[in-house]
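Okay, structure first, notes after.
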Amino acid sequence: MSKLHNQTVEILADHLEDDLRAPMWSQFAKTSHGNERPPQRDDWWYVRGAAILLSVKKLGPIGTNKLSRKYGTKKDRGYEPEIFAPASRKIIRTLLQQLEENGYVEHGQKDNHKGRMITDDGQSLITEARSEAREEIEA
């Protein structure tokens with residue numbers, strides 16, 4: 001990932017802290033059954049929400065299953081070969097619902113594909129965050 005993308009995700013996460021609310025169980029939840037421990041960052045809920053918002057913009061219309069494949073990881077099985085473990089669909093679904101409540105994504109259909117798509121408010125939020133990230137990198 002590029003430096004601009006990482007900075008954009010961080011800035012979007014800061015913007016989304018006012019709109020998203022991390023559930024009580026989020027401090028104990030693993031993001032995939034392939035992970036051994038929950039995330040170490042305190043603000044991981046907002047960072048994942050920002051990354052999902054960018055993914056919906058890029059890949060939309062997209063659903064929970066495809067996003068769980070995108071955010072999945074390899075599971076360490078000791079001597080056995082590693083296998084792919086998809087990310088938790090509960091976390092992704094909850095974040096998509098919260099983003100939808102705030103008007104950043106919506107259900108939609110494009111040709112034969114159904115799923116969540118970015119709205120104008122979500123697009124303007126991403127554009128604003130990306131311009132802030134460019135200014136920080138250039139400074």
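The values are calculated or read from the model by the stated rules, or taken from the named source; none is laboratory data. A quick note: this is a predicted structure, and the numbers were derived from the prediction, not measured. Cβ sites come from the backbone with ideal geometry, for glycine too, and all protein chains shown count toward neighbours. In case anyone asks, the SASA skips ligands and DNA or RNA and just uses the protein heavy atoms, side chains included. Shrake-Rupley method; radii C 1.70, N 1.55, O 1.52, S 1.80 Å.
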Meets criteria (at negative phi, modelled with pLDDT under 95, touching a His at 6+ places or on another chain (Cβ under 7 Å) and not β-branched (V, I, T)) for P39: no
Looking only at the range 6-28, and only at residues there that are more than 13 Å from the chain's Cα centre (by Cα) and assigned to a helix (DSSP H, G or I), the one that is surrounded by the fewest Cβ atoms within 10 Å (Cβ to Cβ): M24
Any hit, the range 84-92, residues being open to solvent by 30 Å² or more (accessible area, probe 1.4 Å) and among the basic types (K, R): yes
Extreme residue, farthest from A51 (Cα to Cα), among residues of the range 99-118 that are open to solvent by 60 Å² or more (accessible area, probe 1.4 Å) and touching a helix residue (DSSP H, G or I) at 6+ places or on another chain (Cβ under 9 Å): H107
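Per-residue answers, yes or no, for (1) of a type outside the set (S, T, N, Q); (2) touching a Gly at 6+ places or on another chain (Cβ under 6 Å); (3) outside any helix (DSSP H, G or I):
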position	(1), (2), (3)
R41	yes, no, yes
A50	yes, no, no
N65	no, no, no
S68	no, no, no
R77	yes, no, yes
R93	yes, no, no
R130	yes, no, no
E135	yes, no, no
Residue tally, condition open to solvent by 20 Å² or more (accessible area, probe 1.4 Å) and aliphatic (A, V, I, L, M), over the range 30-50: 1
Residue list for the range 69-99, restricted to those being over 18 Å from I118 (Cβ atoms), aromatic (F, W, Y) and in contact (Cβ under 8 Å) with a residue 12 or more places away in the chain: F84
Pairs where the first residue, in the range 2-30, is over 25 Å from G103 (Cβ atoms) and the second is surrounded by 15 or more Cβ atoms within 10 Å (Cβ to Cβ) and of a type in the set (V, I, T), C-beta under 7 Å, 6+ apart: A29/I91
